[in-house]
Amino acid sequence: MTDSPKTTVPGAATGAARPAFGANRGAAAGRGGRPGQGGNRGGDARGKGGARGGRRDDREPREFEQKILELARVTRVTKGGKRMRFRASLVIGDRRGRVGFGVAKGADVAMAVEKAFRQAKKNMVTVPLVKETIPHEIQRKFAAAIVLLKPAPQGTGLKCGGPARMVLELAGVPNAVSKLMGSSNKINNAKATFLALVALRKPEAAPVITA
């Protein structure tokens, strides 16, 4: 009696190396495989090391720094009902002597802020500085708001409060003293501060007398 031939199964013999489960699954599928199953997801284009993970922010920094002075929700009553919008008061500056102020309304906060930024860029003011402070004392009034600005020696800092401090900080004035009188309205105080900055004049140099 002759024995029937035995069927040989690949990898069934002792010593034959069977491929690890999932080792080449990711390579065959082209998706990098799953973590822990032998795949290398980090090399995939969609992984953390791919194009999306290594994206750079190529946007240029803004020329002016901006701060929101006041953000309010306003309502206008019409025949068809109430119409709600947002009003943004924005102060911008480069901290090198230029500062601007804008007030605008929009259907949402982002639109109001963007419109106020564009308006502030159109209303830029250049602040003259003498020995790291304003040239002279000045007082200006807008509506019921009265603002008094005074120069200060080096090392004093800004002894100001409210909108006047925000405006002087973004203008880059290192030393000054201010006093707000007459009204607590932020917009009116900011406009009075800008009127005072516009009226500042640098002292003229004394003429040189030659013999």
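Compute the Cα gyration tensor for region 65-125, then decide on rounded, prolate or oblate, letting a ≥ b ≥ c be the square roots of its eigenvalues: rounded whenever a/c is under 1.5, prolate when a/b is larger than b/c in the other cases, and oblate in all that remain.
Details: a/c = 3.53, a/b = 2.98, b/c = 1.19.
The shape class here is prolate.
For the residue pairs K105/K131; K82/K179; K79/K121; K150/K186; K159/K202; K105/K202, the C-alpha atoms sit more than 30 angstrom apart in K105/K131; K82/K179; K79/K121; K105/K202.
Once the Cβ-Cβ distance between A144 and A199 is put in as r, and R0 is 22 Å, what FRET efficiency do you end up with, to the nearest 0.05?
Details: r = 19 Å, r/R0 = 0.86.
The formula returns an efficiency of 0.70 here.
FRET efficiency for the pair K67 and K179, taken as 1/(1 + (r/R0)^6) with r the Cβ-Cβ distance and R0 = 22 Å, rounds to 0.55.
For region 127-198, a/c is not less than 1.5, where a ≥ b ≥ c are the root eigenvalues of the C-alpha gyration tensor, and a/b tops b/c. That puts it in the prolate class. Dipole size of region 98-141 about its Cα centre, with +1 on Lys/Arg Cβ and -1 on Asp/Glu Cβ: approximately 180 debye, rounded to the nearest 20.
Cβ crowding within 10 Å ranks I134, I92, I68 as I68, I92, I134, fewest other Cβ atoms first.
When each of the peptides 148-160, 168-180 is scored by the mean number of other C-beta atoms lying within 10 Å of its residues, the order from highest to lowest reads 168-180, 148-160. Placing +1 on each Lys and Arg Cβ and -1 on each Asp and Glu Cβ, with no other charges, gives region 127-198 a dipole about its Cα centre of roughly 200 debye.
FYI, it's all coordinate maths here, none of it is from the lab. Bear in mind that the values here come from a model prediction, so they are computed numbers and not experimental data. Heads up, the Cβs are rebuilt from the backbone with ideal geometry, glycines too, and the neighbour counts pull from every protein chain shown.
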